[in-house]
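Novice: Could you have a look at this structure, given as structure tokens, before my questions?
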Amino acid sequence: MATTTATVSEVTPSLRLRPRNDEEAKAIEEYRYSHLLPHFSQDRYPPLQPFDHVDPGHRALTLPNPRAFLDGATRTAELTPRLGTEVTGINLAELDSSGRDQLALEVARRGLVVFRDQQDFIDRGPDFYREWGRHFGRLHIHPTSGHPAGYPEVHLVYRDANSTFNFEIDESVTTTSWHSDVSYELQPPGLTTFFLLSSPDTGGDTLFTSQVSTLRRLSPQFIAFLRTLKAVHSGFEQADFSRSGRRGATVRREPVEHIHPVVRRHPVTGEEALYVNKQFTRRIVGLKREESETILKFLFDHIDKSADNQARVKWRPHTVVLWDNRITAHTAIVDFKETGERRHGARITPQAERPIPALDGLDLNA
């Protein structure tokens with residue numbers, strides 16, 4: 001949907017969308033989701049504390065039919081053999097607690113599930129978004145991104161003709177930047193919900209890749225070696241990006257870095273998945289610099305180039321996408337800059353457990 005855009009002042013950390021003239025002010029006022037435009041508060045938060053997480057997918061495993069929530073669907077179709085399912089005919093907003101548990105299990109098994117025709121879900125607003133997300137885990141407050149005023153738990157992505165509040169590196173020859181959201185946290189996200197409130201007529205798709213499949217394509221000997229490794233994931237570069245005056249010039253919580261296994265095990269399905277990403281993984285612990293860089297470059301290239309492990313989501317109005325950050329990576333495609341259209345998305349990001357090493361006994365504290 002093409003939209004009239006409004007500019008954004010990048011002068012103060014308390015940023016809101018600010019019109020340059022009366023025409024842009026009217027465009028903002030008339031925009032259906034103007035109450036969900038990016039806001040950058042002055043709030044500061046202490047370090048995140050560990051918590052016990054029980055994945056709701058565990059409860060669904062005990063049910064006679066853990067896919068009963070799909071019984072009313074008018075259509076389900078696999079996006080690819082390895083990753084992704086598209087569903088129509090189900091109203092996510094009406095799922096009860098058991099239905100949400102089943103949904104968590106389905107996303108864990110397929111990695112990615114795309115629900116069409118979800119205007120009811122999207123239009124229920126940020127109070128509902130928080131209630132929805134809390135079913136799946138403790139809600140993450142992003143340290144640097146914009147959020148709707150008063151709702152820091154709702155992470156926003158935003159770009160229009162005059163501004164962007166995304167973590168984008170302009171010096172690259174490509175806009176793809178594979179990552180698993182905030183993997184630098186001690187307890188990174190599990191099931192994540194994302195939708196676009198406004199999108200360009202064409203472009204702005206999202207690519208996903210199965211980290212289960214990228215791992216399986218490697219040789220058994222190499223996988224056995226990777227299971228012995230752990231890597232540092234860092235949020236410092238993202239924080240520095242904001243401190244430089246970009247994105248919103250706000251860092252609400254001091255950046256952290258944590259050590260995670262290079263191969264992790266899903267707590268519900270038991271599947272093993274590669275767990276490195278170019279955006280946040282910095283080095284492999286215990287290896288010399290050249291060794292670490294060589295292995296990570298190979299893995300990053302493998303993730304980037306393995307189109308046979310990937311699925312592409314083309315956004316249509318009222319689409320809601322859920323993925324499991326533990327077993328997938330993703331990247332937005334910023335191929336619509338020249339059109340000046342708005343791409344405005346909201347993400348609900350529950351945290352999960354500390355990544356479980358695929359290799360029993362791997363010490364993540366050393």
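Computed from the coordinates by the stated procedures, all read-outs in this text should not be read as laboratory data. Note that this is a predicted model, so its numbers are computed, not measured. Here the Cβ positions follow ideal geometry from the backbone for every residue, glycine too, while neighbour counts run over all protein chains shown.
Novice: Along the Cα→Cβ direction, 7 angstrom out, place labels at L63 and Y33. What is the inter-label distance in nm?
Specialist: For L63 paired with Y33, the spin-label model returns 2.8 nm.
Novice: Taking K and R as +1 and D and E as -1, what net charge do the other residues with C-beta under 10 Å from the C-beta of E272 add up to?
Specialist: +3
Novice: For N365 and R312, compute 0.36 nm times the residue count separating them, minus their Cα-Cα distance, and round to one decimal in nm.
Specialist: 15.4 nm
Novice: Let me ask another. Given that just one value was derived from the coordinates, which of (1) 20.0, 64; (2) 22.2, 71; (3) 22.0, 75 is Rg and Dmax of the Cα atoms in Å?
Specialist: (1)
Novice: Give me the net charge of D308's neighbourhood, meaning all other residues with Cβ under 13 Å from the Cβ of D308; Lys, Arg count +1, Asp, Glu -1.
Specialist: +4
Novice: Any idea what the dipole of the chain comes to, in debye rounded to 20, about its Cα centre with Lys/Arg Cβ at +1 and Asp/Glu Cβ at -1?
Specialist: 580 debye
Novice: Do you know the Lys pair count in the chain for C-alpha distances under 30 Å, with sequence separation 8 or more or different chains?
Specialist: So the count works out to 19.
Novice: Give the residue from S98, P148, L197 lying farthest towards the positive end of the charge dipole for the chain; charges sit on Cβ (+1 for Lys and Arg, -1 for Asp and Glu) and the dipole is referred to the Cα centre.
Specialist: Of the options given, the answer is S98.
Novice: How much mean residue ellipticity at 222 nm does the chain get from its helices, if each DSSP H run of length 4 or more adds -39500 (n - 2.57) and you divide by all residues, to the nearest 500 deg cm²/dmol?
Specialist: -6000 deg cm²/dmol
Novice: Taking the chain as a Gaussian network, where each spring joins two C-alpha atoms under 10 Å apart, which residue of Y31, Y158, Y45 fluctuates the most?
Specialist: Comparing Y31, Y158, Y45 in a Gaussian network model of the chain, the most mobile one is Y45.
Novice: Taking 7 Å along the Cα-to-C-beta vector as the label spot, tell me the D120-T339 distance in nanometres, rounded to one decimal.
Specialist: For D120 paired with T339, the spin-label model returns 2.9 nm.
Novice: Okay, next question. When Lys and Arg each count +1 and Asp and Glu each count -1, what net charge do the other residues less than 15 Å away from R217, Cβ to Cβ, add up to?
Specialist: Surrounding charge for R217 is -2.
Novice: Pull out the extension gain between D52 and E94, defined as 0.36 nm times the separation in residues minus the alpha carbon to alpha carbon distance; nm, one decimal.
Specialist: Gain on extension, D52 to E94, equals 12.4 nm.
Novice: Now a separate question. Roughly how many Å is it from the Cα centre of the range 79-134 to that of the range 265-286, as a whole number?
Specialist: So the two Cα centres are separated by 24 Å.
Novice: What number, in percent, do you get for the relative contact order of the chain if the mean sequence gap of Cα pairs under 8 Å and at least 6 apart is divided by its residue count?
Specialist: 28 percent
Novice: Report for the range 69-185 the percent antiparallel among DSSP-assigned beta bridges with both residues inside it, nearest 5.
Specialist: Of those bridges, close to 60 percent are antiparallel.
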